[in-house]
Amino acid sequence: MAETFPSGEAQYRPIYYGSTTTESNGHITTLLHQLRSHSPSSTQLFGFLALLISSGILLFLVGVTFTVTVLGFIVFLPLIIISSPIWIPALVLVGGFLTVSGFLLGAVAIVSWIYRYFLGMHPVGSNQMDYARSRIYDTASHVKDYAREYGGYFHGRAKDAAPGA
């Protein structure tokens with residue numbers, strides 16, 4: 001039995017024992033036709049193959065890196081244990097020095113920025129500070145005017161919520 005699709009090609013479908021109705025075979029051929037129309041193109045297959053190969057290579061490299069790290073730790077563990085009285089104080093001193101230096105550098109940068117801002121030198125970000133300050137001032141003056149006009153900010157809000165009350 002052959003069935004012709006709109007593309008002009010014929011597809012032969014087998015007749016299964018026990019399915020004598022053409023309706024059940026029609027569903028199968030429709031399903032096969034839909035599967036064929038959604039089959040990936042050669043560029044999609046090539047992309048999937050490239051993804052598969054690169055993922056395998058990266059997984060292999062992760063495994064090698066982990067293995068070498070564990071083996072290196074096992075090999076150098078006696079040396080690390082023997083020299084730990086030297087390493088631990090050295091790491092604490094270096095870590096403390098870097099921490100204090102970082103905080104000091106940050107404090108100098110902040111004080112320098114504030115100094116230039118108050119002298120009017122317009123450091124980086126000063127326009128955003130001026131904008132935020134003006135927004136805060138405008139909001140505060142709006143709230144003050146609203147409170148003066150309606151005899152209290154929250155009282156006026158209740159009036160706005162129920163104007164007829």
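Nothing in this text is a laboratory measurement; each read-out follows from the coordinates by a stated rule. These numbers were taken from a predicted model, which means no experiment stands behind them. Positions of Cβ are generated from backbone atoms using ideal geometry, with glycine treated the same way; all protein chains shown enter the neighbour counts.
Looking at the structure I just gave you, is Ile80 aliphatic (A, V, I, L, M) and in contact with a Phe, Trp or Tyr (Cβ under 8 Å, 6 or more places away or on another chain)? In short, yes.
For Val108, indicate whether it is free of Cβ contacts under 8 Å to residues at least 24 places away in the same chain and under 30 Å from Phe76 (Cα atoms). Considered against the rule, which asks whether it is free of Cβ contacts under 8 Å to residues at least 24 places away in the same chain and under 30 Å from Phe76 (Cα atoms), Val108 comes out as no. Of Ile53, Ile74, Ile136, all but one fail to be assigned to a helix (DSSP H, G or I) and exposed (fewer than 10 other Cβ atoms within 10 Å of the Cβ); the exception is Ile74.
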